[in-house]
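Peer 1: Right, I'll just put the structure down here and ask away after.
Here, each number is a calculation from the coordinates, and none is a lab measurement. Model, not experiment: these values are computed from the prediction. Here Cβ is always computed from backbone atoms with ideal geometry, including for glycine, and neighbour counts include all displayed protein chains.
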Amino acid sequence: MNFFSQYSVLNSCLNKNKTIGLVPTMGALHEGHISLIERATIENEQVIVTIFVNPTQFENSEEVKSYPQNLNLDIQMIKKASPKSMIYAPKSNDLYDSKMKTYRYEFGILEKIMEGKFRNGHFQGVATIVEKLLNNFSPTKAYFGEKDFQQLLIIKSLVNQKKISTSIVGCSTYRDSQGLALSSRNKLLNTKELKNAIFLIEQLKLAKSLWKKENSLRITKIIEENFLNNIWLKLDYFDIRFENNLLKAKEKSDQKTRAFIAARIGKTRLIDNLLLNEY
Ligand code: PAF
């Protein structure tokens, strides 16, 4: 079985003359992750899927404990999607020393807004673990979902700053038949919450249709009001921003622009985003 809990052992099994695709995950896999694994399998000679709930990207240990986990099911899903892939599911001590310290990075505005504002230290933790994984395995390509669009830009900035040669591949958000973005956190929702969670994509689609004629201030007002009338969801933020630098976009232009949303439903926090340009 291609299962490893120590990166040094996995590393000794890698053929450094062949391409390596890395799919970093925190487990509780869903079809979105599987689509990344399938793409990595098509584009690379060797594939590593990592499963590690990275403590440094959470604000407290309660959050880490409540993160959904199901290693056996994850392994079965990976084997089915990519039988030859190598699974790396370490304990913390394979990646961190006992102090569990994050490295220090400067990401400017990218880490000060939206998720960065609501989740203290989150991106420092994400960048630390991703840098460790990229340095340990030196993959040719690494795959990340666009649902976490801000994370994707942080990781692109990380590899630029650290001159890491891995190419970072952003993959479209995987949605269910109702449009709900797949997320491991959806597993924490009860049936009613799950039904109501589609409000996020409904509001993003509304924003997209309004963007044809309204400015971002007006759209934000409409969406905020819609949330006030929804008893199930509490809005953390709704923002319209340029895709390349995440600066606020005031009006429709040729530049690629996205609407970003984060909301809480019960105890679970969900995020999503949608490209507003028509192509
Ligand atoms: O997106 C995730 O699942 C995590 O943030 C990542 C990139 C695996 C780092 O822990």
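Peer 1: Can you find a residue in the stretch 31-38 that is within 25 Å of residue 268 (Cβ to Cβ), in contact with a strand residue (DSSP E or B) (Cβ under 9 Å, 6 or more places away or on another chain) and of a type in the set (Val, Ile, Thr)? Break it down into steps so the answer makes sense when it comes.
Peer 2: Of the stretch 31-38, the ones within 25 Å of residue 268 (Cβ to Cβ) are 31-37.
Next, only the ones that are in contact with a strand residue (DSSP E or B) (Cβ under 9 Å, 6 or more places away or on another chain) stay: 32-33, 35-37.
Imposing the further condition that a residue be of a type in the set (Val, Ile, Thr) reduces the set to 37.
Yes - at least one qualifying residue is present in the stretch 31-38.
Peer 1: May I pose another question? Please go through the stretch 39-59 and pick out each residue that is within 16 Å of the ligand (Cβ to nearest atom) and either assigned to a loop (DSSP other than H, G, I, E, B) or of a type in the set (D, E, K, R) (or both).
Peer 2: 39, 52, 53, 54, 58, 59
Peer 1: Okay, moving on. Can you go through 88, 67 and tell me which one is crowded, with 19+ Cβ neighbours inside 10 Å, farther than 22 Å from residue 172 by Cα and of a type in the set (Phe, Trp, Tyr)? Talk me through it step by step, then tell me what you get.
Peer 2: Details: 67 fails: crowded, with 19+ Cβ neighbours inside 10 Å.
It is 88.
Peer 1: Same structure, new question: Looking only at residues that are part of a loop (DSSP other than H, G, I, E, B) and of a type in the set (Lys, Arg) in the stretch 176-230, which one is farthest from residue 271 (Cα to Cα)? Steps first, answer last, please.
Peer 2: First, the residues of the stretch 176-230 that are part of a loop (DSSP other than H, G, I, E, B): 176-180, 182-183, 189-190, 197-198, 211-215, 229-230.
Subset that is of a type in the set (Lys, Arg): 212-213.
Details: 212: 23, 213: 25 Å.
Taking the candidates together, the pick is 213.
Peer 1: Step by step: first the residues of the stretch 110-142, then only those that are out of contact with any strand residue (DSSP E or B) (no Cβ under 8 Å at 6 or more places or on another chain), surrounded by 17 or more Cβ atoms within 10 Å (Cβ to Cβ) and of a type in the set (Gly, Ala, Ser), then the one that is farthest from residue 7 (Cα to Cα). Which residue is that? Before the answer, list the steps.
Peer 2: Of the residues in the stretch 110-142, the ones out of contact with any strand residue (DSSP E or B) (no Cβ under 8 Å at 6 or more places or on another chain) are 110-112, 116, 119-128, 131-132, 135-136.
Pick out the ones that are also surrounded by 17 or more Cβ atoms within 10 Å (Cβ to Cβ) and you get 110-111, 116, 119, 122-128, 131-132, 136.
Those still in the list that are of a type in the set (Gly, Ala, Ser) too: 116, 125, 127.
Numbers: 116: 29, 125: 19, 127: 18 Å.
Filtering the stretch 110-142 for residues that are out of contact with any strand residue (DSSP E or B) (no Cβ under 8 Å at 6 or more places or on another chain), surrounded by 17 or more Cβ atoms within 10 Å (Cβ to Cβ) and of a type in the set (Gly, Ala, Ser), the one farthest from residue 7 (Cα to Cα) comes out as 116.
Peer 1: Still on this structure, please answer the following. Step by step: first the residues of the stretch 129-151, then only those that are small (Gly, Ala, Ser) and near the ligand (Cβ under 10 Å from one of its atoms), then the one that is nearest to residue 118 (Cα to Cα). Which residue is that?
Peer 2: Pass one, the stretch 129-151, residues small (Gly, Ala, Ser): 138, 142, 145.
Pick out the ones that are also near the ligand (Cβ under 10 Å from one of its atoms) and you get 142, 145.
Values: 142: 26, 145: 20 Å.
Only one residue tops the list, namely 145.
Peer 1: If a residue has to be touching a residue at least 60 places away in the same chain (Cβ under 8 Å) and in a helix (DSSP H, G or I) to count, how many in the stretch 124-146 make the cut?
Peer 2: Residues that pass the stated criteria total 11.
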